[in-house]
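First up is the structure itself, then whatever we jot down about it.
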Amino acid sequence: RDGALSGADADPTRAMPLMPPQRTALEEVGRGLRTWAGKRRAEKLEDVGADHISALPTRACSRTGGLTLPSSVDHLPCAPLRPGLPVEEAREAEALAASKCDLLRFLRAQRWNSGKTLDMAIDCCKWRASVKPTEITPQMVPNALPSGTWRLAGCSRAGMPIVLVDVIPWRPADYYSIDEYIRAIAYIIELALARMGPGVQQFMVVFSLAGWTTEMMRPRATRCLFQLMHITQRIHPGRVARTIFCGAPRLFQTFFWQVLRPWMDAEFLGNIRFCRRDAGEALSRWIDRSQLPATLGETSLGGTHDDFPVPSRTIREETAAYIAEIGGELPGFTCVSPAATTRAEVSVLLERIPGDSSGTYSGEVDVKVGRPLVLEVGISENTVVIMWHFAALASSGIVCDFRVLGRRSSVCCVTVQTLKKGTVRAADGASTFTDRGMMPGVMGKLEVDKAWAGGTLQLSAHTCQDSSVAAATGYWPAMYSIGVETE
């Protein structure tokens, strides 16, 4: 998919030029992977098992009385995952080193730290050599796959495959082991990757959480969710473009913020959206209704497509059937957000962020020099904490002023008063490495007082001194991320 761009001095997934430090990191990781692959190929077969996958330890199957299964039954659903052969790990490393797009995904996930990226890439190669995702068949996941929890829909407006998840039929207790769940997730992700057309590098996930129960928070279910986060963040970093939670009850929200959130990195968390009201209206921003079913579990999606079938064939057969269904050609990437690149001529008030439900809101914008970037966050009775992170390509850092505004009603008028205010400056070393370079950042956190209900948090970010880029273009590039926690 990236063969035609492999020699270009640009990021094929974002169409932006690489800076010299980024090119150096890319070359170091590729060279390190090839060196490690050569060492693994030189090892003898009797050394197999000397090292193991820390994230997926070999375990005996509970339904075989704890006995170790012979290699002849490795493809049975109860067979435990075991480390791959050195030659298999070397093959995975060589394939990863040959893909510029994949290396850039890993580098961005590790903030362009070549040492951490190499360790992460090697762990991924070991995982793939052990799980062998491209060889998984439905017969190897007899409980997880037929339940209908996971299935694939059409594609988004940008051409990205859509994965649908309904939690109602999810029964982790029926699985042979956690390994069966790992194989099921690997199978679904490989199926989504196989449906990516030219230029497409990510997929979307839509969850229907209306049927969430306490059974889904038991130890085995929690371990399955930890594996899901490990696979999406460490094995396939940057692949999930957006995760949308529809109909999430308060039981799930509490579990999410207290148990799952600490295991998520900032980028993954920033791509999550909670949709509590009209799911169909919210999803129409990214997905055409013809690519979604009418309902998913107990959630109405407002789609016009018939229910999508549960995958029941090999990855190759499922992909061939899908291509034939849509007319013989996979859709390519389409840019659907031209407004995101529109430059602001005035003080930028991007949006008023609701504070009545937990969620993370992030984006990028170019702000006219001399003008601040302004965001407003509504404060409701159940708002607990509001966090923010701004980053800007500026030579002297970025400053964020915040004010909590409340309304006071009297007989003759309604006045706005400032309940609290302050200024947050970028700490030493607080920066974000992005495709636009090293961007100094500022982070802040505000614990909300109950008396502020009905008010507004106003955030105003501005640069101390504009960089050469801003001086040349008249705009300063900014990134923002706002997190809201509610009871």
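The values are calculated or read from the model by the stated rules, or taken from the named source; none is laboratory data. Here the structure is a predicted model, which means the values were calculated and not measured. Neighbour counts run over all protein chains shown; Cβ positions are idealised from the backbone, glycine included. Keep in mind that these areas ignore ligands, DNA and RNA; they rest on the heavy atoms of the full protein, side chains included. Shrake-Rupley method; radii C 1.70, N 1.55, O 1.52, S 1.80 Å.
Here are some residues: Thr222, Thr243, Thr254. Which one is within 26 Å of Asp123 (Cα to Cα), not aromatic (Phe, Trp, Tyr) and not in a strand (DSSP E or B)? I'd like the intermediate steps shown before the answer.
Values: Thr243 fails: not in a strand (DSSP E or B); Thr254 fails: within 26 Å of Asp123 (Cα to Cα).
Of Thr222, Thr243, Thr254, the one residue that is within 26 Å of Asp123 (Cα to Cα), not aromatic (Phe, Trp, Tyr) and not in a strand (DSSP E or B) is Thr222.
Would you pick out the residues in the range 178-195 that are open to solvent by 10 Å² or more (accessible area, probe 1.4 Å) and either farther than 19 Å from Cys124 by Cα or small (Gly, Ala, Ser) (or both)? If the condition is that a residue be open to solvent by 10 Å² or more (accessible area, probe 1.4 Å) and either farther than 19 Å from Cys124 by Cα or small (Gly, Ala, Ser) (or both), then Ala194, Arg195 are the ones that fit. Looking across Ser156, Ser208, one residue alone is closer than 25 Å to Lys100 by Cα and either open to solvent by less than 10 Å² (accessible area, probe 1.4 Å) or in contact (Cβ under 8 Å) with a residue 24 or more places away in the chain (or both). It is Ser156.
For residues in the range 100-137 being open to solvent by 20 Å² or more (accessible area, probe 1.4 Å) and of a type in the set (Gly, Ala, Ser), which is farthest from Leu33 (Cα to Cα)? Going through the qualifying residues, I end up with Ala109.
Within the range 323-336, residues that are modelled with pLDDT of 80 or more have Cβ atoms under 6 Å from residues that are part of a loop (DSSP other than H, G, I, E, B) and surrounded by 15 or more Cβ atoms within 10 Å (Cβ to Cβ) in these pairs: Leu330/Gly197; Pro331/Gly159; Pro331/Gly197; Gly332/Gly159; Gly332/Gly197; Gly332/Gly199, counting only partners at least 6 apart in sequence or on another chain. So in the range 70-95, with the set limited to residues that are part of a helix (DSSP H, G or I) and of a type in the set (A, V, I, L, M, F, W, C), which one is modelled with the lowest pLDDT? Once the filter is applied, the top-ranked residue is Val73. Here the range 289-309 is the region considered, the condition is being out of contact with any helix residue (DSSP H, G or I) (no Cβ under 9 Å at 6 or more places or on another chain) and in contact (Cβ under 8 Å) with a residue 60 or more places away in the chain, and the residue that is farthest from Leu145 (Cα to Cα) is Ser290.
Answer yes if at least one residue in the range 96-104 is under 29 Å from Ser312 (Cα atoms) and assigned to a helix (DSSP H, G or I), and no otherwise. First the steps, then the outcome.
Taking the range 96-104 as the starting set, the residues that turn out to be under 29 Å from Ser312 (Cα atoms) are 96, 102.
Those still in the list that are assigned to a helix (DSSP H, G or I) too: 96, 102.
Within the range 96-104, one or more residues are under 29 Å from Ser312 (Cα atoms) and assigned to a helix (DSSP H, G or I).
Selection of the range 373-394 for residues being surrounded by fewer than 19 Cβ atoms within 10 Å (Cβ to Cβ) and under 19 Å from Arg425 (Cβ atoms) yields Val374, Met387.
When residues of the range 159-173 are filtered for being open to solvent by 30 Å² or more (accessible area, probe 1.4 Å) and over 13 Å from Val310 (Cα atoms), how many remain? Give the steps one after another, and end with the answer.
Taking the range 159-173 first, the residues open to solvent by 30 Å² or more (accessible area, probe 1.4 Å) are 168-169, 171, 173.
When the remaining residues are screened for being over 13 Å from Val310 (Cα atoms), the result is 168, 171, 173.
Result for the range 159-173: 3.
Somewhere in the range 245-253, is a residue touching a helix residue (DSSP H, G or I) at 6+ places or on another chain (Cβ under 8 Å) and under 25 Å from Ala194 (Cα atoms)? Yes, because at least one residue in the range 245-253 is touching a helix residue (DSSP H, G or I) at 6+ places or on another chain (Cβ under 8 Å) and under 25 Å from Ala194 (Cα atoms).
Yes or no, residue by residue, for (1) more than 30 Å from Arg23 (Cβ to Cβ); (2) among the hydroxyl-bearing types (Ser, Thr, Tyr); (3) modelled with pLDDT under 85:
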{"residue": "Lys368", "(1), (2), (3)": "yes, no, yes"}
{"residue": "Thr383", "(1), (2), (3)": "yes, yes, no"}
{"residue": "Ala392", "(1), (2), (3)": "no, no, yes"}
{"residue": "Gly397", "(1), (2), (3)": "no, no, yes"}
{"residue": "Leu405", "(1), (2), (3)": "yes, no, no"}
{"residue": "Val414", "(1), (2), (3)": "yes, no, yes"}
{"residue": "Ala426", "(1), (2), (3)": "no, no, yes"}
{"residue": "Met438", "(1), (2), (3)": "no, no, yes"}
{"residue": "Asp449", "(1), (2), (3)": "yes, no, no"}
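The helices (runs of 4 or more DSSP H) found entirely in the range 259-327 that carry 2 or more residues being among the charged types (D, E, K, R) are 315-326.
This table checks each residue for (1) free of Cβ contacts under 8 Å to residues at least 60 places away in the same chain; (2) surrounded by fewer than 19 Cβ atoms within 10 Å (Cβ to Cβ); (3) of a type outside the set (Lys, Arg).
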residue: Arg261; (1), (2), (3): yes, yes, no
residue: Met264; (1), (2), (3): yes, yes, yes
residue: Cys275; (1), (2), (3): yes, no, yes
residue: Ile287; (1), (2), (3): no, no, yes
